[in-house]
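The values are calculated or read from the model by the stated rules, or taken from the named source; none is laboratory data. Since this is a predicted model, take the numbers as computed values, not measurements. For neighbour counting, all protein chains shown are included, and Cβ atoms are generated from backbone atoms with ideal geometry for every residue, glycine included.
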Amino acid sequence: MDINPQRVLDRLEELAGIGALEGGGVQRLAFSDEDLAGRDWVQSRLEALGLEVRIDAVGNLFGVLDPGAEGGTGAIMFGSHTDTVGRAGRLDGALGVIAALEVLEVIVASDWRPARPLILASFVNEEGVRFMPDMMGSLFHVGDLDVSKVAAARDSDGILVADEFDRLSYAGTDSIDDLQVDTFLELHIEQGPVLESNGCDVGVVTGVQGLSWFEVTVEGASNHAGTTPMDLRRDAGAVANDLGHRLRGLPSEIENLRLTIGAMRWQPNLVNVIPDRVVFTIDVRHPDSHRLAEAEGRIEALLLAAHHPANGCSVTWHSLARVEPCVFASRVVDAVSAATSDLNLSGHRMISGAGHDAQILSRRYDAGMIFIPSRNGISHHPDEYSTDEQILDGCRVLLRAVLHLAAYPAGGHHSPQN
Ligand SMILES: [Zn+2]
């Protein structure tokens, strides 16, 4: 069984035409007309394949190849998302859905039938740029986000998801609970520079790093920059700068830690006035739960130490977001790894730097991911690019990995073989 390369490339082109922007790029913001048109496009292809289509209460789309009476439960699900950020590229999300479609297309055309149901999944609002939170569809699917919370999310124009559900008849009433999914696999572009820089064809993703966001407020007193002696100042800017310097030292002490101070607001932000207030953010990420917690502890100790009478400033902080690292199931990682070797491709075991639906689905299922290289690590931009060969290799690995996973009955934890 092999994929049809031209069909995959044509479909990527076709889907990129939905929401195409003048001057390049694609935009299918969640729960917009373009987003619905993208979902309809996938749905019509699933129907043309004779698959059973189900749409759930938040609009997640599923295409089911059910082996019928003689087959068991314990379905294998694979896919991604078709919503995009504003002015996006054509591969983020779309690749994983079109590859999933291709896998089903190839299997339906063959005379082989899996012992377990196979399901294409396209989850809504992965990007979260118009309506928060991101990964909304997968969060709903695993039961960690209520449909009423989804409906009450509001965009910057004050429009509710519920309004868009009504206007577009977006939501459905189906579920796939009867199929007892136990596995989820997602093909995605890397969105980072690692595979390109080490010349590997495929990322065998072993997990997704966790993250913790803080917002820190430093408060002192404003005064004249020329008349206030240095030792009589309560300079919020000086304290914030010093903290920034100390915080940036943490990654050299905790291996694999990534720390970013991405936003900083100064008040009054004038050349000749001592600032009385600085608010800044800290984004810290680590693939290991204990090391992430250790980094958080070190950050809080630094913040607490800066909140000292000698500095004349108060330092307060709160958490903006926290996501635990996720470790993918070895059964699924092994299937991806075996598929990569079967195809004589070079695989690189790696942690995902970005968040994905697969990390949410790993709360309920054995999950895994396949990455292909991203040129210059660029994504969320019209310049997002992977070569045709890389795209097709990714689809082949997905097909092969699904065949490995489907070759055994549910509950079987055999290691895959050729
Ligand atoms: Zn994505």
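Residues of the stretch 238-272 being within 35 Å of the chain's Cα centre (by Cα) and of a type in the set (Gly, Ala, Ser), which ones?
Within the stretch 238-272, Ala240, Gly244, Gly249, Ser252, Gly262, Ala263 qualify.
Could you list all residues from the stretch 272-291 that are more than 23 Å from His307 (Cβ to Cβ) and either of a type outside the set (Ser, Thr, Tyr) or outside the structural domain of Leu243 (by TED's automatic domain parsing) (or both)? Outline the logic, then answer.
Of the residues in the stretch 272-291, the ones more than 23 Å from His307 (Cβ to Cβ) are 272, 285-291.
Answer for the stretch 272-291, where residues must be more than 23 Å from His307 (Cβ to Cβ) and either of a type outside the set (Ser, Thr, Tyr) or outside the structural domain of Leu243 (by TED's automatic domain parsing) (or both): Asn272, Arg285, His286, Pro287, Asp288, His290, Arg291.
So is Phe123 at pLDDT 95 or above and in contact with a Gly (Cβ under 6 Å, 6 or more places away or on another chain) or not? First the steps, then the outcome.
Numbers: at pLDDT 95 or above: yes; in contact with a Gly (Cβ under 6 Å, 6 or more places away or on another chain): yes.
In short, yes.
So which of Ala293, Ala354 is hydrophobic (A, V, I, L, M, F, W, C) and either in a helix (DSSP H, G or I) or in contact with an Asp or Glu (Cβ under 8 Å, 6 or more places away or on another chain) (or both)?
Details: Ala354 fails: either in a helix (DSSP H, G or I) or in contact with an Asp or Glu (Cβ under 8 Å, 6 or more places away or on another chain) (or both).
Every option except Ala293 fails the conditions.
Is it fair to say Ala321 is within 16 Å of the ligand (Cβ to nearest atom), touching a residue at least 12 places away in the same chain (Cβ under 8 Å) and closer than 26 Å to Phe140 by Cα? So that I can check it myself, show each step before the final result.
Working: within 16 Å of the ligand (Cβ to nearest atom): no; touching a residue at least 12 places away in the same chain (Cβ under 8 Å): yes; closer than 26 Å to Phe140 by Cα: yes.
When the stated conditions are applied, Ala321 does not pass them.
Any idea how many residues of the stretch 283-339 are polar (S, T, N, Q) and in contact with a helix residue (DSSP H, G or I) (Cβ under 8 Å, 6 or more places away or on another chain)?
First, pick out the residues of the stretch 283-339 that are polar (S, T, N, Q): 289, 311, 314, 316, 319, 330, 337.
Still in the running and in contact with a helix residue (DSSP H, G or I) (Cβ under 8 Å, 6 or more places away or on another chain): 311.
Selection size over the stretch 283-339: 1.
Which is within 18 Å of Ala37 (Cβ to Cβ), in the same structural domain as Ser386 (by TED's automatic domain parsing) and more than 11 Å from the ligand (Cβ to nearest atom), of Ser110, Ser122? Break it down into steps so the answer makes sense when it comes.
On the way: Ser110 fails: within 18 Å of Ala37 (Cβ to Cβ).
After ruling out the rest, the residue left standing is Ser122.
Just the residues that are at positive phi and in contact with a helix residue (DSSP H, G or I) (Cβ under 8 Å, 6 or more places away or on another chain), please, taken from the stretch 344-387.
Step one: of the stretch 344-387, the residues at positive phi are 344, 376-377, 380.
Listed by number, the residues that qualify are Asn376, Gly377.
Can you tell me which condition Gly89 does not meet? The list is (1) within 16 Å of the ligand (Cβ to nearest atom); (2) surrounded by 22 or more Cβ atoms within 10 Å (Cβ to Cβ); (3) of a type in the set (Gly, Ala, Ser); (4) under 22 Å from Leu361 (Cβ atoms), and all the others hold.
Evaluating Gly89 over (1) within 16 Å of the ligand (Cβ to nearest atom); (2) surrounded by 22 or more Cβ atoms within 10 Å (Cβ to Cβ); (3) of a type in the set (Gly, Ala, Ser); (4) under 22 Å from Leu361 (Cβ atoms) leaves (4) as the failure.
Applying the selection to the stretch 171-193, what residues are away from the ligand (no atom under 16 Å from the Cβ), surrounded by 19 or more Cβ atoms within 10 Å (Cβ to Cβ) and not small (Gly, Ala, Ser)? Break it down stepwise before answering.
We begin by selecting, within the stretch 171-193, every residue away from the ligand (no atom under 16 Å from the Cβ); these are 171-183, 193.
Going one step further and asking which of them are surrounded by 19 or more Cβ atoms within 10 Å (Cβ to Cβ), we end up with 171, 176, 179, 181-183.
Across the stretch 171-193, the qualifying residues are Ile176, Leu179, Val181, Asp182, Thr183.
Which condition number in (1) within 23 Å of Ala153 (Cα to Cα); (2) within 16 Å of the ligand (Cβ to nearest atom) is the one that Leu15 fails?
(1)
Could you check, for the stretch 338-350, whether at least one of its residues is in the same structural domain as Phe78 (by TED's automatic domain parsing), of a type in the set (S, T, N, Q), assigned to a helix (DSSP H, G or I) and more than 16 Å from the ligand (Cβ to nearest atom)?
The initial filter retains those residues of the stretch 338-350 that are in the same structural domain as Phe78 (by TED's automatic domain parsing), namely 338-350.
Of the ones still in play, those that are also of a type in the set (S, T, N, Q) are 340-341, 344, 346.
Pick out the ones that are also assigned to a helix (DSSP H, G or I) and you get 340-341.
Subsequent filtering for residues that are more than 16 Å from the ligand (Cβ to nearest atom) retains 340-341.
Scanning the stretch 338-350 turns up at least one residue that is in the same structural domain as Phe78 (by TED's automatic domain parsing), of a type in the set (S, T, N, Q), assigned to a helix (DSSP H, G or I) and more than 16 Å from the ligand (Cβ to nearest atom).
Checking Ala406 against (1) at pLDDT 95 or above; (2) buried (at least 21 other Cβ atoms within 10 Å of the Cβ): exactly one of these is not met. Which one?
Every condition holds for Ala406 apart from (1).
Show the residue pairs meeting these rules: Cβ distance below 6 Å; 6+ apart or different chains; first residue within the stretch 233-245 and surrounded by 23 or more Cβ atoms within 10 Å (Cβ to Cβ); second residue among the basic types (Lys, Arg) and outside any loop (DSSP other than H, G, I, E, B).
Note: pairs meeting the criteria are Ala236/Arg277.
Here are some residues: Val142, Val124, Val150. Which one is among the hydrophobic types (A, V, I, L, M, F, W, C) and in contact with an Asp or Glu (Cβ under 8 Å, 6 or more places away or on another chain)? So that I can check it myself, show each step before the final result.
Working: Val142 fails: in contact with an Asp or Glu (Cβ under 8 Å, 6 or more places away or on another chain); Val150 fails: in contact with an Asp or Glu (Cβ under 8 Å, 6 or more places away or on another chain).
Criteria check complete, one pass: Val124.
What are the residues in the stretch 273-301 that are closer than 30 Å to Gly226 by Cα and over 22 Å from the mean Cα position of the chain (by Cα), if any? So that I can check it myself, show each step before the final result.
Start the filter on the stretch 273-301 by keeping residues that are closer than 30 Å to Gly226 by Cα, which leaves 273-281.
Residues satisfying the conditions are Val273, Ile274, Pro275, Asp276, Arg277, Val278, Val279, Phe280.
Only residues that are in contact (Cβ under 8 Å) with a residue 24 or more places away in the chain and among the β-branched types (Val, Ile, Thr): list them for the stretch 1-44, please.
Within the stretch 1-44, Ile3, Val8, Val26, Val42 meet the criteria.
Scan the stretch 357-395 for residues that are within 13 Å of the ligand (Cβ to nearest atom) and in contact with an Asp or Glu (Cβ under 6 Å, 6 or more places away or on another chain) and jot them down.
Asp357, Ala358, Met369, Phe371, Ser374, Ser379 - these are the residues of the stretch 357-395 that are within 13 Å of the ligand (Cβ to nearest atom) and in contact with an Asp or Glu (Cβ under 6 Å, 6 or more places away or on another chain).
For Val147, state whether it is touching a Lys or Arg at 6+ places or on another chain (Cβ under 8 Å), farther than 16 Å from Arg400 by Cα and in contact (Cβ under 8 Å) with a residue 60 or more places away in the chain. If you could, list the steps in order and put the result at the bottom.
Working: touching a Lys or Arg at 6+ places or on another chain (Cβ under 8 Å): no; farther than 16 Å from Arg400 by Cα: yes; in contact (Cβ under 8 Å) with a residue 60 or more places away in the chain: yes.
So Val147 fails the test.
Scan Ile282, Ile351 and give me the residue that is in contact with a strand residue (DSSP E or B) (Cβ under 8 Å, 6 or more places away or on another chain), within 18 Å of Asn241 (Cβ to Cβ) and not acidic (Asp, Glu). Even if it seems obvious, please write down each step before you answer.
Numbers: Ile351 fails: within 18 Å of Asn241 (Cβ to Cβ).
Sole residue among the options that is in contact with a strand residue (DSSP E or B) (Cβ under 8 Å, 6 or more places away or on another chain), within 18 Å of Asn241 (Cβ to Cβ) and not acidic (Asp, Glu): Ile282.
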